[in-house]
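Nothing in this text is a laboratory measurement; each read-out follows from the coordinates by a stated rule. Bear in mind that the values here come from a model prediction, so they are computed numbers and not experimental data. Cβ: placed from backbone, ideal geometry, glycine included. Neighbour counts: every protein chain shown.
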Amino acid sequence: MHSSRTALTNEAEVEALLQQMTLAEKIGQMTQVEKNSIQPEDAANYFIGSVLSGGGGNPQNNTPENWAQMVRSFQEAAQTTRLRIPLIYGSDAVHGHNNVRGAVIFPHNVALGATRDADLVQRVANITARELQATGVHWNFAPAVSVPQDIRWGRTYEGFSENTELVITLGTAYVCGLQDHDPRTLASVKHFVGDGGTRWGTTRSYSWMYGNWQAPGDGYKIDQGDNQDDEATLRATHLAPYRAAIEAGALNIMVSFSSWQGTKMHAQRYLLTDVLKGELGFNGFLISDWMAISQIDEDYYTSVVTAINAGLDMVMVPFDYKAFISTLTRAVEQGDVSMTRIDDAVQRILRAKFWLGMFDYPFGRDDLLPEVGSAAHREVAREAVRKSAVLLKNEGVLPLAKDTRLLVAGSGADNLGKQCGGWSIDWQGAQGEITQGTTILEGIRQTIGGAQVSYNENGVFADDERAAVGVVVVGEAPYAEGLGDNGTLTLPAEDIAVIERMRQRVKKLVVILLSGRPLLIANPLALSDAFVAAWLPGTEGQGVADVLFGDTPFVGRLSFSFPRSIEQVPLPALKQHPDGAMFPFGYGLS
Ligand code: GLC
């Protein structure tokens, strides 16, 4: 299933091209700029190597065609430069080409982990590649091979599992899905290394960057924090997926905002150069995270020199590219960064662009535009939704008969944005009809017809509205990154209220949970007769109806343990706890 280490057949061309390049052209290749920070002609003037869309970096009118035009404008500019080195565009397509309205949005990785299905993950990645390249994007900032050990982390759902072996299986499948099929698309394996093992309360503030801004609530209490594992644990739990991804042919790795034993990963020369490039033989290039090098030191010159000498090859600036270019140029002129280091970085970048075939064909695949959001693509997403739903409790309720009269309620029943979670159209996602898709309620109605279904979000019905069965869909509001850090992990009070209200009204109550991670569910679980963990299923909510009515069986198995209480968080605490998990890794009824 996995290609051997990527066959690099362009070394001669890389070397020949490098010899022709000026210092300005070399440093331009090492510079990645956010698309709102630069005009295409300046991308040419400064020989910029890459442009990205951050989360929600969409054209004014967010359509696949306008995305393709936006990306093409940068590529056309790059074609006017002296050496015509193609510019590579990057975007976070972490669950489908999720920024683009109309693209199919797949379940997040937390759900794919519950499928245990590596072949499905490869197909998901290939479809994502097809929708990306329809818009001219050759580089996906995915897969995350984080191994989240603390479900209070707002990025838990970007991880496949708490279990390293499962992350390896599905992470390498995703890399192969992007890279070993048509259209060949560059994976970015992230975030190196140990991003999922940071300790609660260790995230630092960087006053020279963010002033005295404080995130609301528990925001950024663990994201970008300090991983204090010893080296053996770091290697066994968090490094292993990178070793596997390199063997599977990865040519790009994104460095983590987090720290290891108090040192920022972007300054970790031992791990970035000695271990990753030396011991593991990584021959691709390292990209920084968003303005992450500036967290190294208040002095920007020090940050740039430290990061490049630690092993960073391309820097996600993303705004003031002129400052980055002039600072790195000065560092080379002053001898603080060697030309050897610059040449190594540029070789690695050019190697990936040659491997992608971009020197022969730098543009997007307009022929794939009709496939964006197609029924065939949505069918695969629906399959992923079916296979990821985990049945945690079922006392004689599921599957529902198709002649059942149903009362449906809950904040997540008819809410596409809540189904999708973060990284959906906008960075943080949003509630409501954010794009085209099928809500769980619409899926239920398509399965059994609208006449048998009464819906009220708050579970308030006329007194004579009776039904034997109620379905309540509840869960987390969308979030991304540190803004999703959460130290309590309980359901919102209004969700509990709807469950209690429905409990009074129906004989059998089915609760469906939409969440990016396990939550503390003892109370809603006790109130339910059946309980389904549906994670963040994306646009194809029909897949939830498929398993509710038995069109397909429940096959999902937990990829993260459900703790009984907060005392069993993080995972090491659970493993030491005498009572064991409420639902352990691997649990799932069928
Ligand atoms: C974000 C994330 C990273 C993403 C990058 C570009 O802050 O940490 O996962 O790829 O910036 O959006």
Averaging the inverse of every distinct alpha carbon separation and then flipping it gives the Kirkwood radius. What is it for the stretch 20-370, in angstrom units? 20.1
Rounded to the nearest 0.05, what FRET efficiency do residue 302 and residue 551 have when you use their Cβ-Cβ distance and R0 = 60 Å? 0.50
Arrange the following residues from fewest to most other Cβ atoms within 10 Å of their Cβ: 181, 377. 181, 377
Cβ-placed point charges (K, R +1; D, E -1), dipole of the stretch 375-576 about Cα centre in debye, nearest 20: 640
Extension gain, residue 181 back to residue 261 (0.36 nm per residue minus Cα-Cα distance, nm): 24.9 nm
Stokes-Einstein, Kirkwood over Cα pairs, the stretch 375-576, 10 °C, 1.306 mPa s; D in µm²/s equals 93
Please tell me the relative contact order of the stretch 213-351 in percent, rounded to the nearest whole number, where contacts are Cα pairs under 8 Å and at least six residues apart. 21
Using only Cα atoms, find the angle between the long axis of helix 118-134 and the longest principal axis of the chain, and express it within 0 to 90 degrees, rounded to the nearest 10. 60
Using a 10 Å cut-off around each Cβ, can you sort 319, 560, 324, 554 from fewest to most neighbouring Cβ atoms? 319, 554, 324, 560
Here the averaged projected area of the chain, based on the convex hull of its alpha-carbon atoms and given in nm², is 25.0
State, to one decimal in nm, how far the label point of residue 230 lies from the label point of residue 460, with both points 7 Å from Cα in the Cβ direction. 5.9
Among DSSP beta bridges whose residues both lie in the chain, state the antiparallel percentage, nearest 5. 15
Normalising by the residue count of the stretch 375-576, find the relative contact order in percent from Cα pairs under 8 Å and 6+ residues apart. 33
Using alpha-carbon coordinates, inclination of helix 11-20 to the longest axis of the chain, degrees: 60
Here the Cα Rg-to-2.2 N^0.38 Å ratio for the stretch 468-560 is 1.11
Evaluate E = 1/(1 + (r/R0)^6) for residue 209 and residue 42, where r is the Cβ-Cβ distance and R0 equals 25 Å; express this FRET efficiency to the nearest 0.05. 0.55
At 1.002 mPa s and 20 °C, Stokes D of the stretch 118-248 from Kirkwood alpha-carbon radius, µm² per second: 136
Calculate for the chain the 222 nm mean residue ellipticity that helices alone would give, adding -39,500 (n - 2.57) per DSSP H run of length 4 or more and normalising by residue count, nearest 500 deg cm²/dmol. -9500 deg cm²/dmol
Antiparallel content of DSSP bridges confined to the stretch 375-576, in %, to 5: 20
Subtract the Cα-Cα distance of residue 369 and residue 504 from 0.36 nm times their separation in residues, and report this length gain in nm to one decimal. 43.6 nm
Relative exposure of 567, 500, 25, judged by other C-beta atoms within 10 Å (fewest first): 567, 500, 25
Starting with the highest mean, order 267-278, 161-172, 344-355 by the number of other Cβ atoms within 10 Å, averaged over the residues of each peptide. 161-172, 344-355, 267-278
If you place +1 on the Cβ of every Lys and Arg and -1 on the Cβ of every Asp and Glu, how big does the dipole about the Cα centre of the stretch 20-370 come out, in debye to the nearest 20? 320
Using Cα atoms only, what is the angle between the long axis of helix 164-179 and the major principal axis of the chain, expressed in degrees (0 to 90) to the nearest 10? 60
Of 26/353; 35/353; 35/190, those spanning more than 23 Å from alpha-carbon to alpha-carbon: none
Extension gain, residue 522 back to residue 338 (0.36 nm per residue minus Cα-Cα distance, nm): 60.4 nm
Two-site label geometry, residue 83 and residue 403: point separation in nm, points 7 Å out along Cα→Cβ: 7.4
Mean separation of Cα contacts under 8 Å (6+ apart) over length of the stretch 261-322, as relative contact order %: 42
When the dipole is taken about the Cα centre of the chain, and only Lys, Arg (+1) and Asp, Glu (-1) are charged at their Cβ, what size is it in debye, to the nearest 20? 740
